[in-house]
Number of protein chains: 2
Amino acid sequence: MSVTFSYPTSVYVVRCCSMIENNDQHKQQMNSGIKVNGSYRSPVKVDSLSLAGEASSAATLGHVVSVIETGQRQNIPTKKQLVDPNRQGLIVEGGVGYRQTVVIRSYEVGPDKTATLETILNLLQETALNHVWMSGLLGDGFGATHGMIRNNLIWVVSRMQVLVDYYPIWGEVVKIETWVGASGKNGMRRDWLIRSQASGLIFARATSTWVMMNRKTRRLSKMPEEVRKEIAPWFIEKHAIMEDAYEKIAKLDKEAKYINSDLKPKRSDLDMNNHVNNVKYLRWMLETIPDQVLESHQLSGITLEYRRECGSSDIVQSLCEPEEDEIVNDIGKQDYSTGIMNGFSMASEIIKGNGILACLEQNPIKFTHLLQLKGEKQNEEIVRGRTTWKRKLGPIPFSP
Amino acid sequence: MSVTFSYPTSVYVVRCCSMIENNDQHKQQMNSGIKVNGSYRSPVKVDSLSLAGEASSAATLGHVVSVIETGQRQNIPTKKQLVDPNRQGLIVEGGVGYRQTVVIRSYEVGPDKTATLETILNLLQETALNHVWMSGLLGDGFGATHGMIRNNLIWVVSRMQVLVDYYPIWGEVVKIETWVGASGKNGMRRDWLIRSQASGLIFARATSTWVMMNRKTRRLSKMPEEVRKEIAPWFIEKHAIMEDAYEKIAKLDKEAKYINSDLKPKRSDLDMNNHVNNVKYLRWMLETIPDQVLESHQLSGITLEYRRECGSSDIVQSLCEPEEDEIVNDIGKQDYSTGIMNGFSMASEIIKGNGILACLEQNPIKFTHLLQLKGEKQNEEIVRGRTTWKRKLGPIPFSP
């Protein structure tokens, strides 16, 4: 089985450390009060990674930007920084985590004035990169350590999961915290927590898994010892989402209930890597969800399993299958029979006044998704997804 | 001639002041060192406004959000604030202007790592709203003063112009300044400057024109005296763009060279008002521009004249006409004959090494645009536009 894996479409890049030696004393100092994953296992065969994709397309990292001039304007630090006043970020967790204050902007919310999941995905990417930035090791801008650059390795994201309990609203101040940990022997995990600044309430949690790929051969790589020494001191044993929540996503085929075909990326959908960005993936997935669900429900969770990247000339198909079709149909009938048009308030009234729907509240609706490329011989998977939807509720608890 | 005017699609909302009386002494104190437009002219007939559109669709401002609860989470100030530490904003210009520090985020840049014009439009909207926010008068969230609310008036944008000399890059820190001024007898102007924090260099300038509309009748309104008293103390006589640069945009018809039809807004294209957002307008316009221009040129200016809003069920057509067709064709030939593939560096090399193209650099390419709705009897204009394109250049001057 081929173990090549394509470059991720989005720069959920993660990383690193500026310490050459894995000095336990130093590490303990940095991670005071936090259990550090300090055990080094011997490298394993890459085939044991359960993350292998099929593709090996020609993604490049090259960009025509003057590095010196860019460095001046970006003001890239060459040493680890503890505070970034411009981004309102600071190093936390005893020196290895990162926390940033963010205000939800007017154009980051949808018609219901709450931040969209797109916004949340964007902010996760942004804070991950800023964490790397603060580490003082930003080289190519995509998160590779010095050791990785020497070994011609890049990070690729294999899996991402986001759970949203409450969507922040326009103008709300949130604190986003992110950190990294070990994932198996050759991978890395990056987690996030988004909290209300005012109440401390957790709005959203996220986790992602990363592996290394050789930039030239496009094959997955084990983690070289020199890279392990750079990265491991930054690992902490803390999980934003319990791992037992993990379940593999089934592969859909042409029998899927909802299919949007001939989707074409536009110029504005491309990110710094000239790949279709993550937000566009999300849009393609969500555009297959029936309107009645979008009106009465809100997205409470998403899991994405990345298989290969999508370039500007690709033609994409978005497949979607409800996991429990009967419930979705029932909800559709309920909504329309009670004349629900403005989901938010009506849903909360129904819930308050009608015990019948209470059980549905406990049973979120789930959809399985697949984005694929039309291949000459066979279709190629870009990303599998699962979305979970809960009934829209009234205002969230507030206790400043 | 009907003087109704539709609600703007985007919340480029502007405003205001918390002073009930137009107290000259107080005003002078607030505007120390700034020439204040303090002359009140008598109201004129609304027909004299040159901003009349045709549409009168049923836009609503209603949203099902608990105001109290939202207010708590947004922490909306009830009095004028001078500093907003979370947004890194502060009141400047002697008490009437607003300046905010913004770092260009990783997802706000395109493949060339510079901020997109979409990002710039978003940041203009955001800083305008934050300016209003700081004024302490935020009522419905869309910028109407207390006097306007009493008179059932809302702001509608009629024109917007943005000139970009340099696009900020990923990670760059910029300062965005915005202020308001008088526009004729019944209108208001809002201007912006975007500067490099490091060098002070002006990256972009923008101006916009606003008028008042009755929320129920959807007709343009003169400015009531009580509203004038609220607003005028905030006006300053300072222009980001010289007014003589103004030229009216011709209306395109079905003879236009490039036409994209059957454009349908998607759920994710809707803003807080349930209207298609400004960024989507921009995308629809830019998607008609030939690839060869997009590769070798960058957008240096855009003017938008708003005619009516676009709702979620509308079907849109995007028309585009180059102003000087021969030049565009010439440039296309030049580019391909020199094998230009990665516009940025090649263009700068061509310019450095080849004097032939230098004259083209002085003559930017212009396109005229029109977004329109397919009407039953006739097509209805949504927005006219003009875009100006300059050859891509090398790094910008940097002098910290």
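Does B:ASP191 count as out of contact with any Leu (no Cβ under 9 Å at 6 or more places or on another chain), away from chain A (no Cβ under 14 Å) and closer than 24 Å to B:PRO364 by Cβ? Here the answer is yes, as B:ASP191 does meet what is asked. Report yes if some residue within segment B:173-181 is farther than 30 Å from A:GLY89 by Cα and touching a Phe, Trp or Tyr at 6+ places or on another chain (Cβ under 8 Å); otherwise report no. Looking through segment B:173-181, at least one residue is farther than 30 Å from A:GLY89 by Cα and touching a Phe, Trp or Tyr at 6+ places or on another chain (Cβ under 8 Å).
The combined condition, being more than 10 Å from chain B (Cβ to nearest Cβ) and either of a type in the set (Lys, Arg) or at positive phi (or both), is not fulfilled by A:GLU177. Among the residues of segment A:72-89, those that are modelled with pLDDT of 90 or more and in a loop (DSSP other than H, G, I, E, B) comprise A:LEU82, A:PRO85, A:ASN86, A:ARG87, A:GLN88.
Being among the basic types (Lys, Arg), touching a residue at least 40 places away in the same chain (Cβ under 8 Å) and out of contact with any Asp or Glu (no Cβ under 9 Å at 6 or more places or on another chain) is a condition met by at least one residue of segment B:101-120. Please work out which residue is most open to solvent (accessible area, probe 1.4 Å), limiting yourself to segment B:98-108 and to residues that are outside any helix (DSSP H, G or I) and over 26 Å from B:LYS238 (Cα atoms). Only one residue fits best here, namely B:ARG105.
Checking each residue in segment A:242-290 for being within 20 Å of the chain's Cα centre (by Cα), of a type in the set (D, E, K, R), within 11 Å of another protein chain (Cβ to nearest Cβ) and in a loop (DSSP other than H, G, I, E, B) picks out A:ASP271, A:GLU287. Where strands (runs of 3 or more DSSP E) fall wholly inside segment B:139-204, the ranges with 3 or more residues that are in contact with a strand residue (DSSP E or B) (Cβ under 7 Å, 6 or more places away or on another chain) and among the charged types (D, E, K, R) are B:187-196. The residues of segment A:109-125 that are among the charged types (D, E, K, R) and either in contact with a Phe, Trp or Tyr (Cβ under 8 Å, 6 or more places away or on another chain) or open to solvent by less than 10 Å² (accessible area, probe 1.4 Å) (or both), listed by number, are A:ASP112, A:LYS113. Scanning segment B:190-213 for residues that are modelled with pLDDT under 95 and either open to solvent by less than 10 Å² (accessible area, probe 1.4 Å) or acidic (Asp, Glu) (or both) turns up B:TRP210, B:VAL211, B:MET212, B:MET213. Restricting to segment A:79-98, name every residue that is under 14 Å from A:TRP133 (Cα atoms), away from every other protein chain (no Cβ under 14 Å) and charged (D, E, K, R). Listed by number, the residues that qualify are A:LYS79, A:LYS80. Among the residues of segment B:158-169, the ones that are within 14 Å of chain A (Cβ to nearest Cβ) and either hydroxyl-bearing (Ser, Thr, Tyr) or open to solvent by less than 10 Å² (accessible area, probe 1.4 Å) (or both) come to 3 in all. Candidates in segment A:214-261 are the residues that are surrounded by fewer than 17 Cβ atoms within 10 Å (Cβ to Cβ) and of a type in the set (S, T, N, Q); of these, the one that is nearest to A:VAL92 (Cα to Cα) is A:ASN214.
If you check A:ILE202, A:ILE231, A:ILE236, A:ILE241 for being over 25 Å from A:ALA144 (Cβ atoms), of a type in the set (Val, Ile, Thr) and in contact (Cβ under 8 Å) with a residue 40 or more places away in the chain, only one passes: A:ILE241.
The values are calculated or read from the model by the stated rules, or taken from the named source; none is laboratory data. Predicted model only: the values in this text are computed from it and were never measured. In this analysis, Cβ positions are derived from the backbone assuming ideal geometry, glycine residues included, and neighbour counts consider all displayed protein chains. Just so you know, the surface numbers come from the protein's heavy atoms only, side chains and all, with ligands and any DNA or RNA stripped out. Shrake-Rupley method; radii C 1.70, N 1.55, O 1.52, S 1.80 Å.
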